[in-house]
């Protein structure tokens, strides 16, 4: 006999949040499953915070930089990436979290969550059509850049330890890789 795993929709997830079932829990919805998030250690908190400030200064009013806030994806997923760079839609975000068409790129800082960020979340984001996704490997001080989502996977993957990176969404903006991985 095979056991069935209950899958949750985004509406189910929002209802659980509204009635307090998930209070005091660090969770996110990934492909219909409620997943516990790893605790955020000091390096993770420091580097993601400093990178967020760097990106706000660099991008100015061209985009909104959100830290550890939900995004809503069509594959019954509502992850909370460490940094989401999204369209500035003002008060529209009172009605909904950013959808894929509002997202320029996402960044995850990984220490204990590296496998989930490089495998599970990569598939979730590629399936949703997120154009650019970065994973910062805190142990190796490397930036893994995923681009060109196709059929649930990214066609392009590169690993950087320094240099300059130009964004798909803003090709005129040069990102210092060091400012993202070693600030």
*Please express the Cα-Cα pair-distance distribution P(r) of the chain as a list of whole percents, one per 10 Å bin, running from 0 to the bin with the greatest distance.*
9, 38, 38, 13, 2, 0
*Per-residue Cβ neighbour rank within 10 angstrom, fewest leading, 121, 139*: 139, 121
*Estimated distance in nm for a label pair at residue 46 and residue 3, the labels positioned 7 Å out from Cα along Cα-to-Cβ*: 4.1 nm
_To check you understand DSSP bridge types, tell me what percent of the beta bridges within the range 77-143 (both residues inside) are antiparallel, rounded to 5._
55 percent
*Anyone know which of 138, 29, 165 comes out most mobile in the 10 Å Cα GNM of the chain?*
165
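May I ask you to sort 143, 30, 94, 21 by Cβ crowding, counting other Cβ atoms within 10 Å and putting the fewest first?
Arranged by neighbour count, lowest to highest, 143, 30, 94, 21 become 94, 21, 30, 143.
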*asked:* Rounded to whole Å, give me the distance from the Cα center of the range 1-41 to that of the range 78-111.
replied: 19 Å
_Show me, bin by bin at 10 Å from 0, the whole-percent P(r) of the range 78-169 based on Cα pairs._
16, 50, 28, 6
*Using just the helices of the chain, give the 222 nm mean residue ellipticity in deg cm²/dmol: DSSP H runs with n ≥ 4 each add -39,500 (n - 2.57), and the total is spread over all residues, rounded to 500.*
-6000 deg cm²/dmol
*Residue of 42, 61, 33 that the Gaussian network model of the chain assigns the largest fluctuation, springs spanning Cα pairs under 10 Å*: 42
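Throughout, read-outs are computed from the coordinates displayed, never taken from laboratory work. For clarity, every value in this text was computed on a predicted model and none was experimentally measured. Methodologically, a virtual Cβ is constructed for each residue, glycine included, from the backbone with ideal geometry; neighbour enumeration extends over all protein chains shown.
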